[in-house]
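The values are calculated or read from the model by the stated rules, or taken from the named source; none is laboratory data. A quick note: this is a predicted structure, and the numbers were derived from the prediction, not measured. Positions of Cβ are backbone-derived with ideal geometry, glycine not excepted, and every protein chain shown enters the neighbour counts.
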Amino acid sequence: MYIRPPTRRPRRWPWFLLILLVLTATAYWYVRSKGQDLIPLPGFLSGQRPTPTPTEIGSKEHMALGDRFFASGKMDEAIAEYRRAIELDPSNSTAHARLGRLLTLRGRYAEGLRMAQRAVEIDSENAENQAILGMVLDWNGEYDRAVEACLKAIDLDPAYATAYAYLAEAYADKGRLEHALQAAEKALSIDPQNFYAHRNMGYILERLGDSDGAIAAYIEAISLQPNLVYLYLSLGRHYRAAGDYEGAMAQFQKAIEVDPRDPTAYDSLGLVYFDQRDYELAAAQFKKAIEVDPEFAAAYGHMGWCYYAQLRYEDAIPQFERAVSLGATAIEYYYELGLCYVYINDCEKARPWLEKALDIDPSAQPALQGLKACEGK
C-alpha cells in the first residue's frame with residue numbers, strides 16, 4: 001500500500017522576531033523623517049557584509065616579493081618591495097644587500113653602495129652580504145676593496161658560487177686575468193646554472209681577446225635569465241667595443257623591451273649614436289634615460305658630452321654639474337666642465353673643476369691645458 005509521506009508545516013518566524021523587525025523599521029523611519037544622521041542597520045538586516053581589514057605582511061614577505069619581481073624582470077617593483085622590507089625591519093640586512101645590488105645594476109652606484117655597506121654593518125658574517133658588497137664596490141671602481149669583500153664571502157661560505165663570480169669580475173678589473181679566469185671557472189664548477197658566473201666568464205674572455213667565447217658566455221647567461229637587462233647590456237657593450245654597432249643596437253633594443261623603465265638601456269643606446277657622431281639621436285636617448293630616472297647620473301654626463309662635442313658649452317655646463325651632484329665621478333666630467341668655463345672666459349669657475357680632475361689623475365692633460373689657458377686671467 002502506498003503511504004503518502006507526512007507533509008511538513010512551513011516554519012513560522014517567532015513572534016518576538018517579527019516585533020523586533022517592526023520596531024527597527026519604525027525607528028529607522030522616525031530618524032529619517034527628522035533629517036538626523038542615519039543609524040546603520042545591523043549587518044543581517046541591511047544586507048551588507050563587513051569590509052575585510054587588510055593584513056599587513058612582514059619584512060620577510062616583502063623581501064620574497066622583491067626576489068620574485070627581480071627574477072621576472074620587474075625592477076621597479078622589486079626595488080619598492082626591498083625598500084618596504086627595510087622600512088618594516090631596518091635590521092633586515094639581506095634586504096639592504098639585494099636593494100644595493102639592484103640599484104647598482106640600475107646605474108645608481110652611490111646609493112647602491114650605501115645600501116650594500118649598511119648590509120655588512122648589520123651582519124658582517126653573512127656571505128651574501130659580503131659578496132654583494134664586493135660586486136657593488138667593483139662597480140664603483142674600488143677594486144681592491146671589492147676583492148677583499150668577495151674573499152671574505154668565500155671564507156664564510158666556500159660553496160657560494162656567486163661570490164666566486166663577483167670575485168672573477170673584480171680580479172678582471174684589477175687586470176689579474178689569470179686569477180679572474182680561475183675564479184669564474186670555480187663558480188661554474190659549483191653551479192653551472194649560475195647566470196652571474198656565465199656573464200662574468202664572458203667579461204673575462206672578452207678581456208682575454210676571445211670574442212667568440214665571450215659572446216657564447218653572454219648568450220648562455222641570457223638564456224638562463226632572459227629577464228635581466230644588464231645581461232643584454234653586457235653583450236651589447238661587447239658588440240659596441242668591437243665596432244659592431246648594429247649588433248650593439250639590437251641588444252640594447254632588446255634590453256628596452258625587457259624593461260622600458262630601465263635608464264641604462266636608453267643610455268647605452270645613446271652611446272652607440274654618440275660613437276657615430278649622431279649627437280641629436282644620442283641626446284634623444286639620454287633624455288629618455290633621464291625621463292625614466294631623473295637621478296640617473298650617467299645620462300646627464302653623457303648629455304654634457306653631446307653638447308660639448310657640438311661646442312654648446314653653456315648648455316653642457318648644467319648637465320655636467322648635475323651628473324657630479326648625483327655622485328658621478330668620471331674624470332672627463334670634471335675637466336670638460338672646467339674647460340667649458342674656460343671657453344666662455346670664466347676661469348674663476350673653471351679652476352676648481354680642473355683641479356678636482358687633477359686630484360683624480362695628476363697627469364690629466366686636458367685639465368693641465370685648461371689651467372695653463374687660465375694663467376694670468
### Only listed residue being out of contact with any strand residue (DSSP E or B) (no Cβ under 6 Å at 6 or more places or on another chain) and surrounded by 21 or more Cβ atoms within 10 Å (Cβ to Cβ), chosen from R98, R84, R114
R98
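Considering each of I154, I79, I132, I86 in turn, give the residue that is farther than 30 Å from V324 by Cβ, in a helix (DSSP H, G or I) and aliphatic (A, V, I, L, M).
The conditions single out I154.
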### Per-region count, the stretch 326-377, residues in a loop (DSSP other than H, G, I, E, B) and over 30 Å from R106 (Cβ atoms)
9
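Being buried (at least 17 other Cβ atoms within 10 Å of the Cβ) and more than 23 Å from D275 (Cα to Cα) is true for just one of L233, L228. Which residue is that?
One residue alone meets the criteria, L228.
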### Query
For the stretch 97-118, how many residues meet the condition of being farther than 26 Å from A330 by Cβ and either modelled with pLDDT under 95 or over 13 Å from the mean Cα position of the chain (by Cα) (or both)?
0
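Residue-by-condition table, conditions (1) touching a helix residue (DSSP H, G or I) at 6+ places or on another chain (Cβ under 9 Å); (2) among the aromatic types (F, W, Y); (3) without any contact (Cβ under 8 Å) to a residue 40 or more places away in the chain:
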site: A284; (1), (2), (3): yes, no, yes
site: K287; (1), (2), (3): yes, no, yes
site: A298; (1), (2), (3): yes, no, no
site: H302; (1), (2), (3): yes, no, yes
site: Y308; (1), (2), (3): yes, yes, yes
site: P318; (1), (2), (3): yes, no, yes
site: V324; (1), (2), (3): yes, no, yes
site: I331; (1), (2), (3): yes, no, yes
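Taking D173, is it touching a Phe, Trp or Tyr at 6+ places or on another chain (Cβ under 7 Å), farther than 21 Å from A95 by Cα and surrounded by fewer than 19 Cβ atoms within 10 Å (Cβ to Cβ)?
Considered against the rule, which asks whether it is touching a Phe, Trp or Tyr at 6+ places or on another chain (Cβ under 7 Å), farther than 21 Å from A95 by Cα and surrounded by fewer than 19 Cβ atoms within 10 Å (Cβ to Cβ), D173 comes out as yes.
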### Task
Count, please, the residues in the stretch 67-110 that happen to be in contact with a Gly (Cβ under 9 Å, 6 or more places away or on another chain), free of Cβ contacts under 8 Å to residues at least 60 places away in the same chain and closer than 23 Å to A255 by Cβ.
13
### Query
Looking at (1) at pLDDT below 95; (2) out of contact with any Gly (no Cβ under 8 Å at 6 or more places or on another chain); (3) assigned to a helix (DSSP H, G or I), can you tell me which one G141 breaks?
(3)
### Task
Give me a count of the residues in the stretch 167-195 that are among the small types (G, A, S) and over 14 Å from A153 (Cβ atoms).
5
## Note on the structure
Checked against (1) in contact (Cβ under 8 Å) with a residue 24 or more places away in the chain; (2) buried (at least 19 other Cβ atoms within 10 Å of the Cβ); (3) hydrophobic (A, V, I, L, M, F, W, C), A217 satisfies every condition except (1)
### Task
Test each condition in (1) in contact with a Pro (Cβ under 8 Å, 6 or more places away or on another chain); (2) at pLDDT below 95 for E295 and report the one that comes out false.
(1)
### Residues being in contact with a helix residue (DSSP H, G or I) (Cβ under 8 Å, 6 or more places away or on another chain) and either at negative phi or at pLDDT 95 or above (or both) - total across the stretch 69-79
6
### Query
Among the residues of the stretch 267-288, is there at least one that is polar (S, T, N, Q) and farther than 29 Å from L228 by Cβ?
no
### Task
Please find, among G175, G202, the residue that is in contact with a helix residue (DSSP H, G or I) (Cβ under 9 Å, 6 or more places away or on another chain) and at positive phi.
G175
### Query
Looking at A163, A153, A159, A180, which is the one that is aliphatic (A, V, I, L, M) and either more than 27 Å from T329 (Cβ to Cβ) or without any contact (Cβ under 8 Å) to a residue 24 or more places away in the chain (or both)?
A159
